[in-house]
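Below is one structure, written out as structure tokens; the observations come after it.
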Amino acid sequence: MILVLFALLAQPFTASAEDVVFDFTTEGLRGYMGTTLNDAQSYVINETWTVDGVAMQVTSGAAPSRVTNVSSGNRGNCLVMYMQYTTMTIKAPQGKLITKVVFEQAGSGNLGMSAANGQIDDHTWTGIATGVRFSVDATAYIAKATVTLAELSDMAELSYTECANIAAFNALEPGTYAKLTLKDAEVIGKSADGATTVWVQDATGGCWIQYTSLNDKLNEKSKVSGTVYVVRRTASANPQMKESEDTPKSELTATAIADYTTVEGSIAEVNVAANLNKVVKITGATFVATSATAGTLQMGDDKIDVNNGTATANQQLHKIDATWVKDETRMENVTIVAILVAKSASANQLLPLSMEEVTAADATFDFQNNPENWPTSKALFDDDNGVVNTLTVNGVVLTSIQNNEWNANLLYENEDAATTVLRVAKENAFKLTAPEGKALVSVSVTMASGSFDFTASTGEIADNVWTGNASEVTFTTTANRSISKIDVMLADENAETVKPAVAIEVADIAAFNATEDGKMVKVTLTNARVNAVNGGSYYVEDATGATVVKGVQLTPGTVLNGYIVGTKSTDNNIDFMNDPALAVEYQLTATDASTFTATETTLEGTVMAMTEAAAQANYGRLITFENVTISGGGQNKTLTDTDGHTFKARDYMGTLPAGYTWPASASKITGVVIYYMTGWFLMPLSADAIVATDAQGVRSVRSTDNDEAVYNLNGVVLSRQTKGVNIVGSKKVFVK
């Protein structure tokens, strides 16, 4: 909707009028005057004069306006306003309207000004408005401005189109008056001259604004809400808000914000119309300087101009000082945060808020290109190929940590995508360790997809980048994640560098089990035997107790001597654990500081009564039950001893052959004690570990047994034949 003028210009106006004169030739304005055009004291950056209640505000454009003496052309004392974006706004007092403004030119020449409303004929503006804004199209020399006022009650009011957000305002035709509601709009930039231009963005779009009456509310790093009265303009294809005549009705509240909402992407991705006058972030581009304040940003074939502006620029920010280009010509791997604006109807440019050259990483784990030729796997869950233990680049060590008992971390080569990734399985982790005397200060992670939603043992993670100061840091995930590249930045170690916790030293597994959860522990292993492996969990026992070790590869049937260093934890998240108060699996996630030797040994279970076995100290221990009956359908079996005590059994490790039939009784059964679901179970070590008895209670002797061995009906080895039935070889022998 455009100004409704009450059909006034077509008929004579008879209401009483009064004139107010702004005279730039008189002593009254000498306080603002310099003596020459080069006198800095004559600058008018943003000045308001008031005469008889009428306010005149003059802003600076491509060059500051001046009230000065101009000797050329016999112009004398006058107001000089230079072309390009300089404005003069004249506002009527309360209850009045402006109907005419007559300009007296200093010297000869055209006025060189256009108006936001009304019309100009020669040196005279006519219209009906509470205020009028003039833009300078060519240098204007003003000696006097005579303003004619009339009573507001005799005039029509302006009509405004209501807009709920910036996008709705941007869709208006140029020249439309708008009542715009701003909600949490961010003030993202202010022109270097401090007054002329302000950029704002909300959730729907961005715009730039020339709005002098609310400059105190339009400050950078602030969020504004309220209603403003503006006129839609377009300058160089940029949507623009101009202050309207109903400025006094505008109301804004402002609150400070920490940072701006940013659109991130490549040049091609962010350089679109929807992002005009919004904050964008581009990473990994090359900047080529063309002057001390301008240059070109490029990524491949895509380019965009960068304009830093000068300290007095009215449409640039001048946020970066003159040293912004290190070698005066070129910067590589640049990260730039800028306001995207239209340079012309066909080209955009960036007004930088910040720009920095990211230093090359001290160590890069480039999984996608794999220049180190690390072994890879072409199949997921393939623990025979591509499993990651440790990787080293420029002294930085990446250590794989397996907390998931089923899946290891591996380098996975996706043939369809023709790229390699480090696949970190759910609950697993990886640790980065700096070289001696150095500290990790930045870790930038490039994901194959998704965000870097890991947790870190120290420091902070934001936007796929970890920052901190540590000699080592561990990253843990709660879901399967694929990483394409890891860039590591180092610094010299200092007093603030976070170092690993000092391990608590304990003498045996029983002492380890008694250690507080979360503590780093160095466990001495003395003839500790590896009983079994289930996924990535190794069941280890010594003379004092048993535990589960994860994070190192062990071999069942070996004896360990030395030590393991790791974190003691209680895992309550394993799905077969029902009651955390009872179902406690102690585990040691070992580190590369572990040092031990392994020698082969025979797996023999400790003979134990069922009443003793159901205890946390036996979790992972290899034990033997003797003379038991076996009952129960399905996977869960019940073992019963001669005194009627029971204990559950289950082939949890899948060690029994397919189609295996459990015997009705066994002279002995050997397995690992675990807690499964809601109770204690014996996990058989193998089919050979279940020694069956026949239907008559006579032991089924295997062909590999010694034919001269003597057994009673319970399968117990005898030193000699006794009265009654004996088993010698595979035959029953009765002795009277």
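The values are calculated or read from the model by the stated rules, or taken from the named source; none is laboratory data. Nothing here was measured: the structure is a model prediction, and the numbers come from that model. Because the Cβ atoms are built from the backbone with ideal geometry, glycine has one as well, and the counts that use them run over all protein chains shown. Protein only, heavy atoms only, side chains kept; ligands, DNA and RNA dropped before computing areas. Shrake-Rupley method; radii C 1.70, N 1.55, O 1.52, S 1.80 Å.
Extending 7 Å from Cα along the Cβ direction at residue 498 and again at residue 261 yields two label points whose distance is 3.2 nm.
In summary, the lysines within cross-link reach of residue 249, defined as a Cα separation below 20 angstrom excluding same-chain residues under 8 places away, comprise 91, 96, 179, 183, 217, 223.
Using the Cβ-Cβ distance between residue 298 and residue 249 with R0 set to 56 Å, the FRET efficiency works out to roughly 0.75. Of the whole protein surface, residue 330 contributes about 110 Å² of accessible area at a 1.4 Å probe radius. Label-to-label distance for residue 227 and residue 661 is 9.0 nm, based on points extended 7 Å past Cα in the beta-carbon direction.
The stretch between residue 392 and residue 161 holds 76.7 nm of extra length on full extension. This uses 0.36 nm per residue minus the Cα-Cα distance.
Given a Förster distance of 60 Å, report the FRET efficiency between residue 359 and residue 94 from their Cβ-Cβ distance, rounded to the nearest 0.05.
Efficiency, rounded to the nearest 0.05: 0.50.
Estimated at 0.36 nm per residue, the fully extended path between residue 517 and residue 593 surpasses their Cα-Cα distance by 25.4 nm.
Sorting 45, 209, 257 by accessible area (1.4 Å probe), largest first, what list results?
45, 257, 209
With a cut-off of 9 Å between beta carbons, the residues surrounding residue 566 carry a summed charge of +3, where Lys and Arg count +1 and Asp and Glu -1.
Of the whole protein surface, residue 179 contributes about 60 Å² of accessible area at a 1.4 Å probe radius. In region 242-285, which residues have a backbone nitrogen under 17 Å from the label point lying 7 Å from residue 204's Cα in the Cα-to-Cβ direction? Residues 242, 274-278 fall inside that zone.
Only loop residues by DSSP count here, and only those with at most 16 other Cβ atoms within 10 Å; note down the chymotrypsin sites (Phe, Trp or Tyr not before Pro) in region 363-399 that meet that.
Counting only loop positions with at most 16 other Cβ atoms within 10 Å, the chymotrypsin sites (Phe, Trp or Tyr not before Pro) in region 363-399 are 381.
Compared with the direct C-alpha span, the chain from residue 553 to residue 286 gains 91.5 nm at full extension, assuming 0.36 nm per residue.
When only alpha carbons are used to place a centre, region 477-509 and region 89-158 end up 71 Å from one another.
Extending 7 Å from Cα along the Cβ direction at residue 612 and again at residue 569 yields two label points whose distance is 3.3 nm.
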